[in-house]
1. Say whether the condition of being within 18 Å of Leu617 (Cβ to Cβ) and either surrounded by fewer than 21 Cβ atoms within 10 Å (Cβ to Cβ) or in contact (Cβ under 8 Å) with a residue 24 or more places away in the chain (or both) is met by at least one residue in the range 533-541.
2. Out of Gln643, Gln626, Gln648, which single residue is closer than 11 Å to Val686 by Cβ and not hydroxyl-bearing (Ser, Thr, Tyr)?
3. Could you list all residues from the range 337-351 that are polar (S, T, N, Q) and surrounded by 24 or more Cβ atoms within 10 Å (Cβ to Cβ)?
4. Restricting the range 197-222 to residues that are open to solvent by less than 10 Å² (accessible area, probe 1.4 Å) and under 27 Å from the mean Cα position of the chain (by Cα), which is modelled with the lowest pLDDT?
5. Is it the case that the range 238-247 has a residue that's closer than 15 Å to Ser355 by Cβ and in contact (Cβ under 8 Å) with a residue 40 or more places away in the chain?
6. Under 6 Å by Cβ, and 6 or more places apart or on different chains, what pairs join a residue from the range 110-133 that is over 18 Å from Leu74 (Cβ atoms) with one that is of a type in the set (S, T, N, Q) and modelled with pLDDT under 95?
7. Take Ala451 and decide whether it is touching a residue at least 12 places away in the same chain (Cβ under 8 Å) and more than 21 Å from the chain's Cα centre (by Cα).
8. Among the residues of the range 150-167, how many are at negative phi, open to solvent by 10 Å² or more (accessible area, probe 1.4 Å) and either small (Gly, Ala, Ser) or in a loop (DSSP other than H, G, I, E, B) (or both)?
Amino acid sequence: MNIPARATICAALLSPMTCVCTAGDLAPPAGPVAPTMKTLDDVQPWTPLSDVPAGPGAVHLITEPGVYFMTEELSVGAGDHGIQISLNGLPPGEYYVCIVSNGFPIRLGPGSLDGIHYTDGVGHDETIEICSGHPQNIISPISGAGGSGVHLEGADRVAVSGLHVTNCGGDGVHVVDNRVAHCTGLVVRGCGGDGIETVAALSGSYVCRKLNTWNSVSQCGGDAVRIVNYHDVRLEDLNASDCMGNGALVHPRAFVGGSGTATARITMVRCIVSSHTLNGVDAETQTPGTYKFELEVVDALGNSGNGISFLHPHPDTNVSLSMDGFDASSNGLDGVVTTHNSVGGISNARLTNGSMHTNGGDGKKVKGGPIKYIAIHMEDCIIHSNGDSGVHVLPDAGSVDDEIVVEMDACTSSGNGAHGVHFNWNQTNGPFRFDLEGCQLSTNTLDGLRAIDASGCGIDNNCNSNGGGGTVVIGGAMQVTGGTFNKNGSDGFRSENSSCWVRVSQASGNSGDGFHVVDIAGLPLDPFRLEQAAANGNVGRGVYTLDVDAELLDVSANGNESGVVFGGSDPSTKTPTFRWVRCVDNAFQGISVGNAVGGTIRDSVCSGNGEYGIWCLADANDGVIQGNHCSANLGGIRVDGTQNVVQQNTATFGVLGGVSVAAGNLTGLPVDAATINTHSNPAGNVEK
């Protein structure tokens, strides 16, 4: 008879151990030393399963605690469990039962029930362990059960390990109404229900723990792994594929007991969940409270639903999410989606070193509100080729009380079917702030960045070669430093009804305007400020502003339809302030100003343009045009408005003239080549 070593039974995993060391008797009794230690059989009896008789509905019916080991294959017919544990005849107390399969299979035929079955005895505190126990770690098969391969209901502590469960009508491993469950080294395949289902007892006074390590689940009719109501969940080295439900359904439960509020912790490490009919990971908080999710090296690939889904539907739920080294790609819907509907709740998420590509929907979707506060940080993530947007933040059934904050650092979102990043917000849903730094938002079908009713800043981002605009800001406000908005299908940088400040940036080679800034709604906006920027080679205008105050400092706008165009409604109260602007080789005007009041054009160079170097239309009044140089244009400087000061400019004659100033403006006497050195009129304009 092959009796396995006692060391294979690891009941110590089921509960914490306390080691107390004390000194021996300083005055031992006289006489020889005699052994006082109990044998293993005295501590916990071992019984061959073949010695256990049958019972009603079971090939073997275990009614006493102990360790039972298999010595041969077990065949089970219709109407029977293979092994049934029933402690109902025992008085209330603590009991331990362990079944060691020793590598022998349990084969069940048509009409059979569960392979191993246990149902709670009233008032008992039970520990049930099912393990292979084989010294070479050979797993033990359980196959063909009409019910579940293993069904354990109501035991306080459960451990199941080293089993290969296949082709069962119900769940592969079904563990419910317990406080602690460990599942290790399981292979579950082809079961009609869930692969591994564990549901904790709803007792807030206990810390419930669920540990899954080195498990493989595939081709089941429900979820691969289903974990509900546990307080502490840890999934390690799970490989789950091709199930009709979710890959890993994790619905934890924070509790509030007599000792206060405890934080629920959910950890997934080195897990693969792929090719499931629903979501790869489906996580939903079950109660108000505090939750911490940590996912490290988790791959959710090729699922028909979302790759990874988080839902927080309960009020006053505070959630912390950390994901590192993950891949949520090739899913039918979104790669990663978080939905926040926790009134008064707070959510913080940090995503690093992740990949979200080729999903049917968005790469990363955030649905916010009603909630108190949301913060999302993404770093070194690669998001590309998704059917919708790379990153999509939108309101959902309510508003954010305090603020939603999105930070993206060194992320790439490219080649997506809609926008690279889409902040699809609404000011009625609460304030929204974003910060993008070092991101590549290029080759998307629509805009690289589209921000609606959101305010934030962008540093050193590249928004190039998108089918729509490079960056589109509608409402809110944005500050940009070091951005590129080149070769886009529409405008490079577009602002509507928003306050924007752009510096050290470039918007060139776009099919629309380089910078396009308008105030359609007539809002009291801050001036549009553009500093140390280039807008060259655009099919449209280099810089176009409408109904906004505009301040341009050290800007180049060359080779466009027109260099800089400032316009406004009638009557206009908007003011242009241009200095050190260079407009060269544009098809029409270098600088064109209309519907303006006040403002200045100073120290600018406009050369080689197809019409005028500088043209101030009849509705541009009360301005200053001073110290500019216009050469080789079809016309030099033309001022049609009134009460403008036009002085100290230099212009060469073209077909349309040199300096042409309408009556009603203040201008010095013209200076020509013959009188330029007399210094008799320092305020005059020079015509060459």
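The values are calculated or read from the model by the stated rules, or taken from the named source; none is laboratory data. None of the values given here were measured: they were computed from a predicted structure. Quick reminder, even Gly has a Cβ in these numbers, built from the backbone with ideal geometry, and neighbours come from all protein chains shown. Surface accessibility is based on the protein's heavy atoms, side chains included, excluding ligands, DNA and RNA. Shrake-Rupley method; radii C 1.70, N 1.55, O 1.52, S 1.80 Å.
1. Taking every residue of the range 533-541 in turn, at least one turns out to be within 18 Å of Leu617 (Cβ to Cβ) and either surrounded by fewer than 21 Cβ atoms within 10 Å (Cβ to Cβ) or in contact (Cβ under 8 Å) with a residue 24 or more places away in the chain (or both).
2. Unique residue meeting the criteria: Gln648.
3. Passing the criteria: Thr338, Ser342, Ser347.
4. Among those residues, the one meeting the criterion is Lys210.
5. no
6. Gly121/Asn88
7. Here the answer is no, as Ala451 does not meet what is asked.
8. Summing the residues that are at negative phi, open to solvent by 10 Å² or more (accessible area, probe 1.4 Å) and either small (Gly, Ala, Ser) or in a loop (DSSP other than H, G, I, E, B) (or both) in the range 150-167 gives 3.
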